[in-house]
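Here the structure comes first, spelled out in structure tokens, and everything after it is commentary.
Derivation of every value follows stated rules applied to the coordinates shown; laboratory data play no part. Small disclaimer: the values here were computed from a predicted structure and weren't measured. Positions of Cβ are generated from backbone atoms using ideal geometry, with glycine treated the same way; all protein chains shown enter the neighbour counts.
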Amino acid sequence: MPELPDVEVFRRYLQATSLHKRIAEVELRSPEILVDASVQDLKATLCGRSFESTSRHGKHLFVKVKDDGWLMLHFGMTGQLKYFKELQKDPEYDRLLISFGNGYHLAYDAMRKLGEVQLVDDVEQFIADHELGPDALSPDLNADTFVDKFAGRRGMIKPALMNQRIIAGVGNVYSDEILFQVGIHPRTKINDLDRSQLDEIYQTMKEVLRTAIEKQADPERFPDSYITEQRQKDGRCPVCGERLQTVKVSGRTAYYCPNQQGDEP
DNA sequence: CCTATAGCCTGACGGC
DNA sequence: TGCCGTCAGGCTATAG
């Protein structure tokens, strides 16, 4: 689930539900997901305090703990958040349960344990340590800096868009959507793109990510011209009706329309 | 620098 | 029905 738009929706959800409430209890049901800290550390940091604000960089969500550091949440491929009251509504794969003084709970739910939870002192330091590129929607990432980061690279465009060290936030699904919208094949070599094409990829990336957030990262609400909902076997091109093709690109499955994006370059 | 591969983890789905 | 392989919206380590 979680690429930049999904995590942004989670951030707003947490922001709307879970700030300024006393944290009464913390249950780490899958201790493996906690990085560089013990359960005791986590409880000591959170219990009795409250969440104050939120921040996001790429696919990483940071929650400020009042009078302390940050709680970092990364969702892997299957993570999500759920805020609820009755414990019988506790999601099936609740890995971390935070209970508030008002009787409500916030669960970090993830079927597969590919995500991570971590206590972080300094968000900027975390970003530097993980060598993350600028957030894909950051105002600091303008067309010139984007083109500079890509121009001169030797590889293919799709893996570069997904490379979190170049820019943070785009994953398998949204890279396909961006490339479909600009009509470029996922295996196209960056060398074969000119400046105006890179510029168009930049503009389209921002547009696609903003639209997805506006639509709550729900593909069913995306514009009719989007490919994401068709990203399945037997999926069809929303423009010409052609069967979508798939190709493996750096270990991931890319969906594309041969009419809009050309054949294998 | 770049790509493909395998692995981490868990469940869903299709084929025999 | 049962078993097996494959695949899945992330990321890393490893080899070529």
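Which length gain, in nm to one decimal place, applies between A:R210 and A:R153 when the Cα-Cα distance is subtracted from 0.36 nm times their residue separation?
Residue separation times 0.36 nm, minus the Cα-Cα distance, leaves 17.9 nm.
What does the charge count around A:T204 come to, taking other residues whose C-beta lies under 13 Å from its C-beta (Lys +1, Arg +1, Asp -1, Glu -1)?
Summing Lys/Arg as +1 and Asp/Glu as -1 gives -3.
Which one of A:G115, A:L71, A:F84 has its Cα pushed farthest toward the positive end of the charge dipole of region A:48-130, where Lys and Arg give +1 and Asp and Glu give -1 at the Cβ?
About the Cα centre, the residue reaching furthest to the positive side is A:F84.
Helix A:195-214 versus the longest principal axis of chain A: what is the Cα-based angle in degrees, 0 to 90, to the nearest 10?
Orientation of helix A:195-214: about 40 degrees from the principal axis.
Modelled label-to-label distance, A:C47 and A:D140, 7 Å Cα→beta-carbon offset: nm?
Between A:C47 and A:D140, the label points sit 3.8 nm apart.
Charges on Cβ only, +1 for Lys and Arg, -1 for Asp and Glu, centred on the Cα centroid of chain A; of A:H105, A:G58, A:C47, which one is farthest towards the dipole's positive end?
Towards the positive end, the residue furthest out is A:H105.
Can you give the angle from 0 to 90° between the axis of helix A:4-17 and the longest principal axis of chain A, with both taken from C-alpha atoms, to the nearest 10?
Once rounded, the angle reads 30 degrees.
Would you work out which of A:F126, A:L14, A:V26 lies farthest towards the positive end of the dipole of region A:4-129? Charges go on Cβ: Lys and Arg +1, Asp and Glu -1.
Highest projection toward the positive end goes to A:L14.
How big is the dipole moment of region A:183-265 about its Cα centre under a simple scheme where the beta carbon of each Lys and Arg is +1, that of each Asp and Glu is -1, and everything else is neutral? Debye, nearest 20, please.
About 300 debye.
Taking amide H positions as placed 1.01 Å from N in the peptide plane, with prolines and chain starts having none, which residues 5 or more places from A:L34, or on another chain, fall under 5 Å of its amide H?
A:V117
What is the diffusion coefficient of region A:1-65 in µm²/s, taking the Kirkwood radius over Cα pairs and the Stokes-Einstein relation at 10 °C with a viscosity of 1.306 mPa s?
Diffusion coefficient, whole number: 123 µm²/s.
Starting from the Cα of A:K89, step 7 Å along the direction of its Cβ; do the same at A:R195; then give the gap between the two resulting points in nm.
5.5 nm
What residues from region A:1-45 fall in the zone where the backbone N is under 16 Å from a label point 7 Å along the Cα-to-C-beta line of A:R252?
Zone members listed by number: A:1-8.
If amide hydrogens are placed 1.01 Å from N in the peptide plane, which non-local residues have theirs closer than 5 Å to the one on A:R95?
Residues meeting the amide H criterion: A:Y108, A:D109, A:A110.
So if we plug the beta-carbon distance of A:S30 and A:Q125 into 1/(1 + (r/R0)^6) with R0 = 41 Å, what FRET efficiency do we get, rounded to 0.05?
Efficiency, from the Cβ-Cβ distance: 0.95.
Can you tell me the relative contact order of chain A? Whole percent, Cα pairs under 8 Å, sequence separation 6 or more.
17 percent
Where nothing but the Cβ of Lys and Arg (+1) and of Asp and Glu (-1) is charged, how large is the charge dipole of region A:4-129 around its Cα centre, in debye to the nearest 20?
480 debye
Counting Lys and Arg as +1 and Asp and Glu as -1, each charge on the Cβ, what is the dipole of chain A about the Cα centre in debye, to the nearest 20?
That gives a dipole near 400 debye.
Too long at a 30 Å Cα-Cα cut-off: which of A:K66/A:K149; A:K85/A:K206; A:K66/A:K206; A:K43/A:K85?
A:K66/A:K149; A:K85/A:K206; A:K66/A:K206
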